[in-house]
Amino acid sequence: MGLDYRPMTSARLAVDIGGTFTDLALERDGRRFTAKTLTTSDAPEKGVLTGVAAILADAGLAPGDVSILVHGTTLATNAVIERKGAVTALITTAGFRDVLAMGNESRYDQYDLQIRLPEPLVPRHLRLPVPERVDANGRVLLPLDEEAVRALIPTLHEHKVTSVAVGFLHSFTNGAHERRAGAILEAAGFPVTLSSDVSPEMREWERFSTAVANAYVQPLMQGYLRRLQTGLSAMGMDAPVFLMLSGGGLTTVDTACRFPIRLVESGPAGGAIFSAAIARAAGLNRVLSFDMGGTTAKICLIDDGAPQTARTFEVARIGRFKKGSGLPLRIPVIEMVEIGAGGGSLAHVDALGRIAVGPESAGAMPGPACYGRGGKEPAVTDANLVLGRYDPARFAGGTMALDADASRAALDHAVGSKMGIDAGSAAGGVIEMVDETMANAARIHAIESGKAFADRTVIAFGGGGPVHACRVAEKIGASRIMIPPGAGVGSAIGFLRAPVGYEVVRSLYQRLGKFDVAAVNELLEDMTREAMTVVDAGRFGAPVRAVRTAFMRYVGQGHEIPVRLSDRAIEAGDASGIRASFDAEYSRFYDRPVPGSDVEVMSFAVAVATETLVHDEPAPPTIAAGPARTQAVQDPVTGEIADWPVHDRNTMPAGTTLAGPAIIAEDETSTLVGALWTASIDDHGIIILSRETAA
Amino acid sequence: MISALAYGIMWNRLIAVVEEQAQTMIRTAFSTTVRESGDLSAGIFDLDGRMLAQAVTGTPGHVNSMMESVGHFLKRFPAATMKAGDHYITNDPWLGTGHLHDLTVVSPAFHNGHIVGLFANTAHVIDIGGLGMGPEARSVFEEGMYIPIVKCFSEGVANETFFDILRAGTRLPVELEGDVYSLCACNDAGIRRLVEMMDEFQMSGLEDLATHIFDASRRATIAAIAALPPGTYRADIGSDGYEAPVHLEAALTVGSDSITVDFQGTSGLSTRGINVPAAYTRAYTAFGIKVVVAPDIPNNTASLEPFRCIIPEGCILNAPRPYAVAVRHVIGHLLPDLVMGCLHQAVPERVTAEGASCLWNPPLRGGGSVSGQATANRPVLPDFEIITFNSGGTGARPTSDGLDATAFPSGVRTMPVEATEATAPIVIWRKELRPGSGGAGRTRGGLGQIMEIAGRDDLEFACNAIFDRVANAPRGREGGLKGAAGHVMLKSGPALKPKGFQIIPDGDRLVLQMPGGGGMGDPLTRDRALVARDLRDGLISADEARDVYGYDAA
């Protein structure tokens, strides 16, 4: 790992700005400190600076002792969700003014007549067409009308446009028109995003949408990052700042300012990196990362220590997390499925007499019924409380009293009375349904990725992950779970494990039957140079590795699968080997290769990153155990009530082993050890849950 | 005794199983109609041919017709004769989903050596030989290869004779064979997940779960019907037809536990391929009712059974074999508008105005079979065959505008222009909203769109037109105005016919102006801020704002 090439005695600091809390993690000399402060949405740097000061004080360090700061933020995502970005214009090919509005011309829900579709970030009067046209081969059919571009400048001023995107048809094959139009607008003083820069790939809707989103958040993100740097300097911190990318790598502030849209999912990406680091340290090749928070659960597959990645993502879904209800972004991301199943997800009984959970959420206000803030509908947290699965005294570190009677009343009214069952059974039904929903999401996600889900080790974190992990694992056939320490600030810790890296993707159509070796090699070299330039700025001499991938399919198919290419330049005789790799990959996904078809490559990716190394997780210190305690817990499946022993996690040294059923309590969450499970604490303070399975 | 809780869990799982089935098809299909546009459906059936669950992904026309189809497979190949690894296939319009371009594959699922259920799926392929997609045939025999119900895989082994015949009869042999493989792979995926599910829940069969699903669905559907005011409601709608206008008429009766639609009064059969087999009529009629009456109840045999049709013999909605049926969707897509015309009298707050409804999908062809051989002084395009999916506007809703350029009732998606142009030698010069096409109203109809298509280097190509609502603009409701009618023309000016094979000569372009949705309510009562926004965005003209909406921009 690149950052490990810094001396280990120096302090490394990570900051993750979330919607409600800003999380911090600091590691120094094998010790870890963590902190949480409230996010200050209007000027997020204030919350960061407050948190930095607090965690430094806790660690006994001065700002100058920090050698590196790694930062991730939901700022860009929230700007898109809340529509608080710049007044943005899109300059586009005449005849294609409404690409953003028309999308794929479909409804993401076939049976909802009242469906709402996402509004484009740029309204029609700021989608401005200019005559120009390039064809599918990059040939100019109609030269760019430069006068028409210049003629738009007064319109941009009139509407107080502060950021401009340029999106022309087929610009990923020939970006000259976009570059020329961009130059004219930049000369007029506008910040410009070119679609061929930010997402040089086929499919105009996705590419324009990505360019527009980048332009939309750019002024805001640039302003914030510059203010943060100023604030950090003022407090005496001169450490370089790196930004977490949604693809799982780190980049410099300069690159982040150019392509801020690549920061959108940095928080969840940090969580996946956190899991991946633990997987590598434990030598686990097949892992399912399970991060369950207040509103959603996020599931990510991690093979051979690397989170799965993808090239598309949807931001700001408006249709209850439904696929297709957000704005498409075509950028490198860590692939994960996010579903509306969290502690705050609300339960009800549907018209068919089935319990349904989420995606509606109680949020922080009013919150679940047990918070006593006026919430009347039962949330998953209420069901857990009624079943005795939380230690109410330890919830949120004991700072918040929970009202179990309010939970019971809510469950009775919304579920029990409708199904003729008591509150306990209703709670059991809610938990069983939410666990089933998460297990189904994991299964379908694995299928869509062509991966098996059974026999994976589950790494569970977030407030809800350790509570629900046993049952979800049983449902997907997993028999081993790891609950790492620091699970409440997992994303921030993940930032400290991320490589410095950058990925470039470009479309270049190739038939494997007549592979243009020179063109492909030239493209790959060019892409490697581009990625290397970004990485060089922050690797401090650490060795790097370039991974080259081709996205391939049978001629005529619509969905590509990634195939790794060798690290050396491609030679004329390589086509048959690449074909064989593709057939093998295809069979792994879909059982049998398709006879007789040629294979085509749609695009290539080059990911340059510092090497990822195994990192020893620091074990937290332990304290002496208090008196033994038990708690009555009701099994959600059988309905049986039994007394479960409750252990405090911070009293359990490495080597401790105990058999389920039991609860291991800590401030941010509690780990449920199911009846069939055994828990042990390893040398890094990780709780390992395992169960015997019938062979 | 299994609790309602446990059945609820298993039901959810079954829906996840069929969703995996559908996703596998999208990932592996070759035809753009499936992989890009989602013209497909997938479901699981019991051994009596009753549908237990259907994937959320898919398009309505396939749903109910595929549901009837499985019964036909079981008649031809009884369940007792089926073996693990068998896959059965047909494209018979009367045993499948209404035209030869839809392949339906049925596969038995075995658990512990016993057959427990059947997986079925349907997908629309690009080419099945014959005249190609279009209305011109005078009988089904001209429309393409006709595949009766046969076995395409026997215990996992491909029926090579079948595949030899299949490849020989199509313009796109690789794609068609690949699609059949994809349909089988998708059922295999469903079978694997079902077996895992049955192991986990320790099930020996699907009977008890089926009973629970059917009981709960029937109860919920009947409760939804009971909430409607009973009575008989009548409506009609016009289609441009092929050789003559077509009139569709319906009398919808809300009973105590069912809704019946009688199509008495509807026009007779056409000589061309716009005729609709009865299963397809039932499919879109049920969809039109369900989307209004019981949208949240999952599709299965019991939730759809209370929606019934009486379709007189000899009417265009009950085409017998061997009438031509290739473009049965043109009229089929009008059925939800017709049904909503009836339901508007019962529950006005739950229906929309009429929309463009029929997709505007130009089947395009070029090369030797259109232009003959190239000569020194007359180049021609390379051979190609392609169809793109495009939509006009949907009807205005009671409390919100219609959707611009969005498919309804069909559930398909469009293809990116960049992907189409990379596949076929055409240039799409324009594809954007059609200003002024949304029917005015308190809520406005969705806008149609305009497309302008040329051959590469402006060379000649052909379009086998299958468009509607050129003479029958989508109507508004409650005082809302009509949306703009569709129009098909050459860029140089002359109008083209809305249906039939036509040449776009060298140097000219095909222009499609798609219909806008009808409006709802009096335009004078429209929110002034919305009128101002539409004017600012150029969706309506200053004249329309003033004359129709009574809005003074100054």
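Some notes on this structure:
- Restricting segment B:417-474 to residues that are within 13 Å of chain A (Cβ to nearest Cβ) and polar (S, T, N, Q), the residue that is farthest from the chain's Cα centre (by Cα): B:T443
- Of all residues in segment A:314-362 being within 30 Å of A:F551 (Cα to Cα) and basic (K, R), the one that is surrounded by the most Cβ atoms within 10 Å (Cβ to Cβ): A:R330
- Condition check for A:A460: assigned to a strand (DSSP E or B), in contact with a helix residue (DSSP H, G or I) (Cβ under 7 Å, 6 or more places away or on another chain) and under 21 Å from A:L672 (Cα atoms): yes
- Residue check, A:T296 within 14 Å of chain B (Cβ to nearest Cβ), among the polar types (S, T, N, Q) and touching a residue at least 24 places away in the same chain (Cβ under 8 Å): no
- Strands (runs of 3 or more DSSP E) contained in segment A:635-695 and holding at least 2 residues under 15 Å from A:L385 (Cα atoms): A:641-648, A:662-665, A:670-673
- Index of the failed condition, A:G416 passing every other in (1) more than 10 Å from every other protein chain (Cβ to nearest Cβ); (2) among the small types (G, A, S); (3) surrounded by fewer than 22 Cβ atoms within 10 Å (Cβ to Cβ); (4) over 30 Å from A:R286 (Cβ atoms): (3)
- Exclusive hit being buried (at least 16 other Cβ atoms within 10 Å of the Cβ), assigned to a loop (DSSP other than H, G, I, E, B) and not β-branched (V, I, T), set B:Y242, B:Y233: B:Y242
- Consider segment A:219-265 and keep the residues that are small (G, A, S) and either surrounded by fewer than 18 Cβ atoms within 10 Å (Cβ to Cβ) or assigned by TED's automatic domain parsing to the domain that holds A:V198 (or both). The one that is nearest to the chain's Cα centre (by Cα) is A:G223.
- Test: residue in segment B:308-322 that is more than 15 Å from B:A220 (Cβ to Cβ), within 17 Å of the chain's Cα centre (by Cα) and not acidic (D, E): yes
- Of all the numbered requirements in (1) more than 18 Å from B:G393 (Cα to Cα); (2) in contact with a Ser or Thr (Cβ under 9 Å, 6 or more places away or on another chain); (3) within 8 Å of chain B (Cβ to nearest Cβ), A:L117 misses one, and that requirement is (1).
- When B:Y280 is tested against (1) among the aromatic types (F, W, Y); (2) under 15 Å from B:I225 (Cα atoms); (3) at pLDDT below 95, only condition (2) is not met.
- Residue that is surrounded by the fewest Cβ atoms within 10 Å (Cβ to Cβ) [pool: residues in segment A:99-113 that are at the interface with chain B (Cβ under 7 Å from one of its Cβ atoms) and part of a helix (DSSP H, G or I)]: A:A101
- Inside segment A:178-205, residues that are in contact with a Ser or Thr (Cβ under 8 Å, 6 or more places away or on another chain), within 14 Å of another protein chain (Cβ to nearest Cβ), assigned to a loop (DSSP other than H, G, I, E, B) and of a type outside the set (A, V, I, L, M) make up a count of 3.
- Top-ranked residue of segment A:141-167 - restricted to ones that are touching a strand residue (DSSP E or B) at 6+ places or on another chain (Cβ under 6 Å) and within 14 Å of chain B (Cβ to nearest Cβ), ranked as farthest from A:A86 (Cα to Cα): A:L141
- Across segment B:507-538, the qualifying residues are those that are of a type in the set (K, R), within 12 Å of another protein chain (Cβ to nearest Cβ) and farther than 30 Å from B:R365 by Cβ, and the one among them that is surrounded by the most Cβ atoms within 10 Å (Cβ to Cβ) is B:R533.
- Just one residue in the set B:V195, B:V174, B:V246 is among the aliphatic types (A, V, I, L, M) and at the interface with another protein chain (Cβ under 10 Å from one of its Cβ atoms); that residue is B:V174.
- Residue within segment A:67-81 that is away from every other protein chain (no Cβ under 11 Å), assigned to a helix (DSSP H, G or I) and free of Cβ contacts under 8 Å to residues at least 12 places away in the same chain present: no
- The set of residues from segment A:287-307 being in a loop (DSSP other than H, G, I, E, B) and touching a Ser or Thr at 6+ places or on another chain (Cβ under 6 Å) comprises just one member, A:T295.
- Only residues that are touching a residue at least 60 places away in the same chain (Cβ under 8 Å), more than 14 Å from chain A (Cβ to nearest Cβ) and on the phi > 0 side of the Ramachandran plot were counted across segment B:348-390, and they come to 0.
- Checking each residue in segment B:510-541 for being among the aliphatic types (A, V, I, L, M) and either in contact with a Phe, Trp or Tyr (Cβ under 9 Å, 6 or more places away or on another chain) or touching a residue at least 60 places away in the same chain (Cβ under 8 Å) (or both) picks out B:L510, B:V511, B:L512, B:M514, B:M520, B:L524, B:L530, B:V531, B:A532, B:L535, B:L539, B:I540.
- Just one of the listed residues (A:T73, A:T39, A:T88) is in the same structural domain as A:V166 (by TED's automatic domain parsing), in contact with a strand residue (DSSP E or B) (Cβ under 7 Å, 6 or more places away or on another chain) and among the β-branched types (V, I, T), and it is A:T88.
- For the residues B:L269, B:L338, B:L304, the requirement of being away from chain A (no Cβ under 13 Å), farther than 24 Å from B:P148 by Cβ and in contact (Cβ under 8 Å) with a residue 40 or more places away in the chain singles out B:L338.
- Filtering segment A:136-145 to residues that are modelled with pLDDT under 95 and surrounded by 13 or more Cβ atoms within 10 Å (Cβ to Cβ) leaves A:A136, A:G138.
The values are calculated or read from the model by the stated rules, or taken from the named source; none is laboratory data. The structure displayed is predicted, hence computed values, not measured ones. Please note: Cβ atoms are built from the backbone with ideal geometry, for glycine as well, and neighbour counts cover all protein chains shown.
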